[in-house]
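*Asks:* I have a structure here, written as structure tokens, and I will follow up with some questions on it.
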Amino acid sequence: MNLAKNIVGCLLGLPFVWIGIQHFVNPKAFNEIVPRYLGAPSFWTYASGVLEILLGLGIMIPVTRTISARLLVVLVLAMSLANLNMYLNDIPFNGNLLSATGHAIRLIIQILLLVALLWLGAIF
């Protein structure tokens, strides 16, 4: 079981770190999808970027994996506001609009991601 969690932790951690870095490389793309009612899109972009990097690293390290995975569940759910905003308001990400199929695939991926994080976080 530990080997499986080590593998999954790394397979999920690396993309979180990479995407977190992208929040700093191309903040405009992320600022555009922050729901207006939250205000301060740059704050949310940079804050979520920092959290994705730290928690992505955290799920790769066995001693911090459980708490990092649990916190990532909360973060992914919170960031779902941006995904919902993209869907409801037909907002492009980095200049690209997603089709209805694209949004459905993104939702499925997000659900699978949450299931994996719940498993890593020993929630089930």
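The values are calculated or read from the model by the stated rules, or taken from the named source; none is laboratory data. Being a predicted model, the structure only gives us computed values, none of them experimental. All Cβ positions, glycine included, derive from the backbone under ideal geometry; neighbour counts span all protein chains shown.
*Asks:* Would you mind stating whether ASN2 is exposed (fewer than 13 other Cβ atoms within 10 Å of the Cβ), more than 30 Å from PRO92 (Cβ to Cβ) and either in contact with a helix residue (DSSP H, G or I) (Cβ under 8 Å, 6 or more places away or on another chain) or modelled with pLDDT under 95 (or both)?
*Replies:* Criteria met by ASN2.
*Asks:* Now for a separate question. ILE61: among the β-branched types (Val, Ile, Thr) and either surrounded by fewer than 13 Cβ atoms within 10 Å (Cβ to Cβ) or at pLDDT below 95 (or both), yes or no?
*Replies:* So ILE61 does not fit the description; no.
*Asks:* Let me spell it out: the conditions are (1) out of contact with any helix residue (DSSP H, G or I) (no Cβ under 7 Å at 6 or more places or on another chain); (2) under 29 Å from VAL8 (Cα atoms), and LEU97 meets all of them except one. Which number is the exception?
*Replies:* The number of the failed condition is (2).
*Asks:* Can I ask one more? Considering every residue within the stretch 33-50, establish whether at least one is closer than 30 Å to ASN2 by Cα and surrounded by 19 or more Cβ atoms within 10 Å (Cβ to Cβ).
*Replies:* yes
*Asks:* Just to check your reading of the model, which residue among ALA116, ALA100, ALA78 is touching a residue at least 60 places away in the same chain (Cβ under 8 Å) and small (Gly, Ala, Ser)?
*Replies:* Of the residues listed, the single one that is touching a residue at least 60 places away in the same chain (Cβ under 8 Å) and small (Gly, Ala, Ser) is ALA116.
*Asks:* Mind listing whichever residues of the stretch 53-74 are among the β-branched types (Val, Ile, Thr) and in a helix (DSSP H, G or I)?
*Replies:* If the condition is that a residue be among the β-branched types (Val, Ile, Thr) and in a helix (DSSP H, G or I), then ILE53, ILE59, VAL63, THR64, THR66, ILE67, VAL73, VAL74 are the ones that fit.
*Asks:* Now a separate question. Hey, could you check the stretch 30-52 for residues that are at pLDDT 95 or above, in a helix (DSSP H, G or I) and aliphatic (A, V, I, L, M) and say which is nearest to ALA82 (Cα to Cα)?
*Replies:* Checking each candidate, the answer is ALA47.
*Asks:* Is it true that TRP18 is part of a helix (DSSP H, G or I) and surrounded by 16 or more Cβ atoms within 10 Å (Cβ to Cβ)?
*Replies:* Taking the combined requirement at face value, the residue does not satisfy it.
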